[in-house]
Protein chains: 4
Amino acid sequence: MTTKLKKAPELQVEKWLNNTDNITIESLQGQAIMIVAFQMLCLGCVQLLIPQAKKVYDMFPPNDLTVIGIHTVFEHHEAMKEPSLSAFLHEYNIKFPVAIDQPSETGRLPKTMSTYNMQGTPTILLIDHEGYLRAHHFGHISDLQLGAELATLIIEKKDAR
Amino acid sequence: MTTKLKKAPELQVEKWLNNTDNITIESLQGQAIMIVAFQMLCLGCVQLLIPQAKKVYDMFPPNDLTVIGIHTVFEHHEAMKEPSLSAFLHEYNIKFPVAIDQPSETGRLPKTMSTYNMQGTPTILLIDHEGYLRAHHFGHISDLQLGAELATLIIEKKDAR
Amino acid sequence: MTTKLKKAPELQVEKWLNNTDNITIESLQGQAIMIVAFQMLCLGCVQLLIPQAKKVYDMFPPNDLTVIGIHTVFEHHEAMKEPSLSAFLHEYNIKFPVAIDQPSETGRLPKTMSTYNMQGTPTILLIDHEGYLRAHHFGHISDLQLGAELATLIIEKKDAR
Amino acid sequence: MTTKLKKAPELQVEKWLNNTDNITIESLQGQAIMIVAFQMLCLGCVQLLIPQAKKVYDMFPPNDLTVIGIHTVFEHHEAMKEPSLSAFLHEYNIKFPVAIDQPSETGRLPKTMSTYNMQGTPTILLIDHEGYLRAHHFGHISDLQLGAELATLIIEKKDAR
């Protein structure tokens with residue numbers, strides 16, 4: 001967990017899958033949030049992050065934790081367009097909302113990925129009920145650690161009521 | 001987590017391994033405690049509980065969490081005597097203190113196991129900083145859930161200062 | 001292994017990836033062959049078949065065994081076009097030749113898949129040095145069994161010289 | 001597989017478990033044999049060799065392959081005596097015959113372990129139907145490789161009829 005807290009910047013979303021509403025960090029104020037940034041053809045994402053995110057989504061009640069995916073394509077753009085991602089979500093049985101990160105007009109990195117200074121995928125972002133970015137993990141973290149970090153955010157949210 | 005809290009009864013220990021002092025629940029007051037009850041020849045203990053307990057012991061600082069093992073032999077008594085357990089701790093590289101549960105004079109179940117009404121092994125007991133038994137899990141629980149439950153106890157302990 | 005042997009029908013290939021030549025069953029006469037039929041978004045393929053095929057390809061010398069993949073898309077056609085497959089092979093570090101199965105003009109199943117009467121993916125086909133189809137496995141088989149079946153074909157091939 | 005073949009020396013057995021007869025290499029002439037040398041408190045044995053040996057025992061018919069364990073204790077002798085081994089076989093559901101290697105009168109290594117020049121545990125020995133030692137693996141080998149090596153011995157045995 002970082003000590004100098006900053007507000008989590010807003011997501012820049014081209015389109016939502018698994019969801020019809022427009023989800024914003026702003027609209028989730030008061031909620032503990034886990035955002036998983038992935039690419040559908042990133043091996044570390046498929047083997048570790050996606051199964052982990054599904055376990056988290058199944059374990060914590062939606063009132064306690066909001067789980068969101070964001071598809072941050074920064075390579076093989078042709079290979080991971082919306083129909084491919086959509087079939088991927090279906091085949092991997094991913095139920096939580098997934099945002100397609102807005103492509104950049106000028107560069108390789110999509111916009112939310114740039115804004116958050118992500119170093120690649122898989123990345124996990126944890127945001128507390130006040131909208132502060134509390135953790136930014138590039139690469140895999142253990143279930144034990146993730147469970148502990150999520151519980152911390154959930155308890156703070158409950159205590160704040 | 002249970003809702004009706006009761007104080008965790010004291011351990012009844014024949015001998016401590018990996019430790020020279022006499023550890024009691026009483027003496028650990030103010031600490032969050034995880035107790036793992038196992039048998040060295042129980043397959044579920046060896047494959048799931050012991051690796052999980054080692055990960056917990058490595059991840060959480062001793063100031064946050066005390067990890068203790070208790071060897072609760074209720075079958076194959078001849079097979080799991082102290083020299084065997086001692087070699088097991090060495091070979092499996094278990095560093096946390098392990099109590100040998102006091103054998104019963106009359107029955108098959110050792111004393112701490114009886115006192116806690118354990119149904120078998122593996123069992124995980126979680127005790128908070130005030131000495132209340134907060135969880136009693138028979139069988140395996142996921143790292144994600146365990147991490148969340150441990151974080152809850154640790155936060156309460158820190159908030160209590 | 002089946003007892004009534006039949007000659008393995010020819011592959012019907014739209015395009016080869018990881019390979020510039022046109023590979024045919026005919027041209028591989030004298031070789032033991034393992035063909036793995038997969039879809040890049042089939043979970044069982046990604047988790048079990050692909051890692052297994054890579055291990056086989058790494059373990060057996062090319063003189064002993066020819067390993068070939070065939071991408072038999074029968075669902076989500078839009079999602080698994082050539083650029084996606086190509087990126088998949090790159091990201092999953094698949095080095096053996098992979099054929100794109102010829103789409104049917106009329107139906108959902110691609111042509112090689114129909115010819116072989118495949119029931120789905122993952123599928124493993126084993127062909128001996130005389131061109132006979134010796135095994136057709138739909139679903140996962142263990143490494144132990146696959147290793148034994150492959151060794152059988154390889155020994156027959158060596159004995160036939 | 002080694003190229004210079006030598007006859008497999010005889011086992012020196014204190015006692016057989018899971019078996020009432022006295023099994024010898026001599027008496028198994030005509031059979032393909034896999035011998036797994038292990039210690040019940042050796043982590044690599046428990047995690048890798050024992051599950052692998054059980055899979056082999058379940059997969060290959062007894063007419064094709066004889067599977068034997070040998071308990072070659074060379075450390076923690078007090079910890080791995082017969083009652084402990086016996087409970088271990090029960091708890092790990094090991095059904096194949098297991099020999100207790102004869103302790104040395106003078107040294108640390110038991111007799112069969114010395115005779116075969118084993119470097120430690122886990123060790124796998126493969127003996128063909130003519131009694132030749134065909135493979136001696138110290139440490140883990142993959143299921144794929146083991147399956148292939150076992151099939152080789154089984155085919156030779158069948159061809160010899």
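Here, each number is a calculation from the coordinates, and none is a lab measurement. Values in this document were obtained by computation on a predicted structure and should not be read as measured data. Note that we place each Cβ from the backbone using ideal geometry, even for glycine, and neighbour counts take in every protein chain shown.
Side notes on the structure shown:
- The Stokes-Einstein estimate for segment C:17-99, based on a Kirkwood radius over Cα pairs and taken at 20 °C with 1.002 mPa s viscosity, is a diffusion coefficient of 160 µm²/s.
- Antiparallel %, DSSP beta bridges [both residues in chain B], to 5: 60
- With the alpha-carbon atoms of the protein assembly as shown aligned to their principal axes, the span from lowest to highest coordinate is 79, 75, 32 Å, starting with the largest.
- With a 10 Å cut-off around each Cβ of C:135-147, the average count of Cβ atoms from other chains is 4.
- The Rg/Rh ratio for segment D:91-139 is 1.01, where Rg is the radius of gyration of the alpha carbons and Rh is the Kirkwood radius.
- Which listed pairs, of A:K4/B:K6; A:K15/C:K15; A:K95/B:K95; A:K55/A:K158; D:K54/D:K158; C:K95/D:K95, have C-alpha distances above 30 Å, in listed order: A:K4/B:K6; A:K15/C:K15; A:K95/B:K95; C:K95/D:K95
- Ascending list, in nanometres, of distances separating the B:H137 label from those of the other copies (7 Å, Cα toward Cβ): 1.6, 3.5, 3.5
- In chain C, helical runs assigned H by DSSP with n ≥ 4 each contribute -39500 (n - 2.57); averaged across all residues and rounded to the nearest 500, the mean residue ellipticity at 222 nm is -8000 deg cm²/dmol.
- Kyte-Doolittle mean at least 0.0, axial Cα span of 18 Å or more - DSSP H helices of chain C: C:143-160
- The Stokes-Einstein estimate for chain B, based on a Kirkwood radius over Cα pairs and taken at 20 °C with 1.002 mPa s viscosity, is a diffusion coefficient of 136 µm²/s.
- Closest approach to the C/D rotation axis among chain C Cβ atoms, residue and whole-Å value: C:G147, 1
- Average beta-carbon neighbours from other chains, 10 Å sphere, peptide A:80-86: 5
- For segment B:47-137, the calculated P(r) over all alpha carbon pairs, in 5 Å bins from 0 to the bin holding the longest distance, is 3, 11, 21, 24, 21, 13, 5, 1 percent.
- Each copy carries a label point for A:E10 at 7 Å from Cα toward Cβ; from one copy, the others' points are 6.1, 6.3, 8.7 nm away, ordered from shortest.
- Most mobile listed residue (A:P61, A:P110, A:P51) in chain A, GNM with C-alpha springs under 10 Å: A:P61
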